[in-house]
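Have a look at the structure below, then the notes.
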Amino acid sequence: MSAQPHAAAAAHDAHHHGADHAGEAAHGSLKGYIAGFLLSVVLTAIPFWLVMGDVLGSSRLTAFAVMGFAVVQIVVHMIFFLHMNTHSEAGWNMLALVFTAVLVVIMLAGSLWVMYHLNTNMMPMPHDMRQMP
């Protein structure tokens, strides 16, 4: 048996296990985890401050700001903790992200639609309240 098949197998294994990337960068580093953690803390503290301090004055504007910070925090978690980028695994991570985003939008929109219509159709009307004991 020659050394050629073993060298090809080793190169194949190194390619599929991320060894061809810059060392630990493909799997994360302490510096990356600390940066992600600090960003997560900041992206949690700011919305907490916005809500508790009633900084923006409008509950609708505060809700949109909190949702914006939530989206940014999701991206931070995906990059720093899940190590998702456009280069890893030939774009399958990006496809999974798009699929997940579509499902989340469908679930949120459907839930809000159902809750709105339940509130509209199931709440007693003022004239019904007068007839209650």
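Here are some notes:
- Selection count where residues are surrounded by 13 or more Cβ atoms within 10 Å (Cβ to Cβ) and either over 18 Å from the mean Cα position of the chain (by Cα) or of a type outside the set (Val, Ile, Thr) (or both), scope region 37-54: 7
- Candidates in region 65-90 are the residues that are modelled with pLDDT under 90 and polar (S, T, N, Q); of these, the one that is surrounded by the most Cβ atoms within 10 Å (Cβ to Cβ) is 88.
- Residue identified as in contact with a Leu (Cβ under 6 Å, 6 or more places away or on another chain) and modelled with pLDDT of 90 or more among 62, 44: 62
The values are calculated or read from the model by the stated rules, or taken from the named source; none is laboratory data. A quick note: this is a predicted structure, and the numbers were derived from the prediction, not measured. Virtual Cβ from ideal backbone geometry, glycine too; neighbours counted across all protein chains shown.
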